[in-house]
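Here the structure is laid out as structure tokens; the discussion comes afterwards.
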Amino acid sequence: MTDLHAFIAGLPKAELHVHHVGSASPRIVATLAARHPDTKVPTDPEALADYFTFTDFAHFIEVYLSVVDLIRTPEDVRLLTFEAARDLARQNVRYAELTITPFSSTHRGIDERAFLAAIEDARKAAESEFGTVLRWCFDVPGEAGLAAAEETLRLAVTDGLRPEGLVSFGLGGPEIGVPRPQFKPFFDQAIAAGLHSVPHAGETTGPQTIWDALRELRAERIGHGTSATQDPALLAHLAEHRIPLEVCPTSNIATRAVPDLDEHPIKEMVAAGVLVTVNSDDPPMFGTDLNTEYAIAARLLDLDAPGVAALARNAVEASFLDPAGKARIAAEIETYTSAWQAGRIA
Ligand SMILES: [Zn+2]
């Protein structure tokens, strides 16, 4: 491990764009697969590593759905959530906004109250056991249309259902053929209920989708926003209004949103003054983790340890933590970085 990799590994971090099911590491999938032996998912972690090697995007979706199929009971939901938090804590992630698509579970027959209770129970247990604070983004699977948006909104805003850890409302799934503006009424209601707006946009489509997310869905952060660099006016707008981008470099390569890491537009985003955060999206499925994404960003942006610490502070600033929570993690980053520079950590 190089010095910078060691620095990154110990650096307190915030993760803002990571999917719940997409966090299922081979270790977690093996446990779930053993519970449900009727599926074709291997239970041996080594065989799973091969299983997670994708030939193309269609193959990725197929594997992803086979993992979705392993999450059948509230206890599976709890296990996935708690163990995903363990994997984050091991990387010194102090705070994570986990994107959850409740529709995928409730639609498959998991009782909604039991589902919500399972994620909340895992959140509280993870915080007390690992010290990692989890918050939720409830995400509409765009391909499932307005009915899914209605259902997700109901779980997100109804008194007695809305989980305590919920902070934001999102939109994921394919962008092509799923225009963002159709979801405006749902985002309006989520925002009125006090939730933040965090749609994916401009991952596989052009800058117009990002404008739509900003104007129609009142996005406060953009998931990916990769194509923003195609529109200088948009970059200037994002910079001026301090609207952060959740950049996930390896994911962009895995889904072919960007052809090659060295062509990743993160450098242009930073040069334009945009608040860039680094995130992992579906880490085990893309063979990565947050520390690896920070190392990639450090290479692409030519950062040293204080530069990487600044990137970590961006994520804290862009998070939906309360001011005291932000100050606490920013102080942890500061303390760690000074100790590193003074040679007290090696
Ligand atoms: Zn995503």
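Since every read-out is calculated from the coordinates, none of them should be taken as a lab result. Since the structure is predicted, the reported quantities are computational estimates derived from the model, not experimental observations. Quick reminder, even Gly has a Cβ in these numbers, built from the backbone with ideal geometry, and neighbours come from all protein chains shown.
Quick notes on this one:
- Each Lys or Arg adds one and each Asp or Glu subtracts one; over the other residues with Cβ under 12 Å from the Cβ of R108, this totals -3.
- Simple Cβ-charge dipole of the chain, Lys/Arg +1 and Asp/Glu -1, about Cα centre, in debye nearest 20: 700 debye
- Across segment 37-133 the C-alpha pair distances fall into 10 Å bins from zero in the proportions 14, 38, 38, 9 percent.
- Restricting the calculation to Cα atoms, segment 166-231 yields a radius of gyration followed by a Dmax of 11.0, 34 Å.
- Solvent-free Debye calculation, one equal scatterer per alpha-carbon of segment 141-297: log10 I(q)/I(0) at 0.13, 0.14, 0.17, 0.19 Å⁻¹ equals -0.60, -0.70, -1.00, -1.20.
- Whole-Å distance, taken between Cα centres, linking segment 133-147 and segment 1-69: 20 Å
- Within the shell defined by Cβ-Cβ distances under 13 Å, the residues around V68 carry a net charge of -2, with Lys and Arg each +1 and Asp and Glu each -1.
- Diagonalising the gyration tensor over the Cα atoms of segment 1-92 and scaling each eigenvalue by 5 before taking the square root yields semi-axes of 26, 16, 13 Å, largest first.
- Computed over segment 2-341, the ratio Rg/Rh where both radii use C-alpha atoms and Rh is Kirkwood: 0.94
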